[in-house]
1. Is it the case that the stretch 67-78 has a residue that's among the β-branched types (Val, Ile, Thr) and in contact with a Lys or Arg (Cβ under 8 Å, 6 or more places away or on another chain)?
2. Kindly provide the set of residues from the stretch 50-101 that are loosely packed, with under 13 Cβ neighbours inside 10 Å, at pLDDT 95 or above and either among the hydroxyl-bearing types (Ser, Thr, Tyr) or touching a helix residue (DSSP H, G or I) at 6+ places or on another chain (Cβ under 6 Å) (or both), ordered by number.
Amino acid sequence: MKRYDKREQKNIGLALCCVLLLVSALTIVGCARDEEQFDYVEILSRICEGDEREEALEALSDAWYHSECRLLYGDVEDIFLYGPKERAKVTVISIYSKPRGEGLVVDHTGIYENYFLDASDFGEHCEPPVQKAFE
């Protein structure tokens, strides 16, 4: 086993301290980054396929923006915005409902990637238009 002199021991100690500081800094940055991303899994778990649309709207009433998109054959897509009010960081939730009997029932749910917001026609048929959320 190699023996290190005092100078080498100091250098090794300094290197270990630098590694520990780097790992700590990356951990802190990683935690801060996670807080910026909104938990869409938790949001989507509030509703299920087959729920009445009105119940789904109530379950997602904490969104900072909601837009209703009327589609063909009476279908409706609701777009909800959660999290930071920045295009690059916002979470975009979609609830798609279809007519059943006298009302609308949730057919499927999902999320949109943020780059969809950059398309000039994304949500233009919605009321209010999705693009207005960022004006």
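The values are calculated or read from the model by the stated rules, or taken from the named source; none is laboratory data. Being a predicted model, the structure only gives us computed values, none of them experimental. Positions of Cβ are generated from backbone atoms using ideal geometry, with glycine treated the same way; all protein chains shown enter the neighbour counts.
1. Going residue by residue through the stretch 67-78, those that are among the β-branched types (Val, Ile, Thr) are 76.
Next, from what is left, pick out any that are in contact with a Lys or Arg (Cβ under 8 Å, 6 or more places away or on another chain): 76.
Yes.
2. Result: Ser61, single match.
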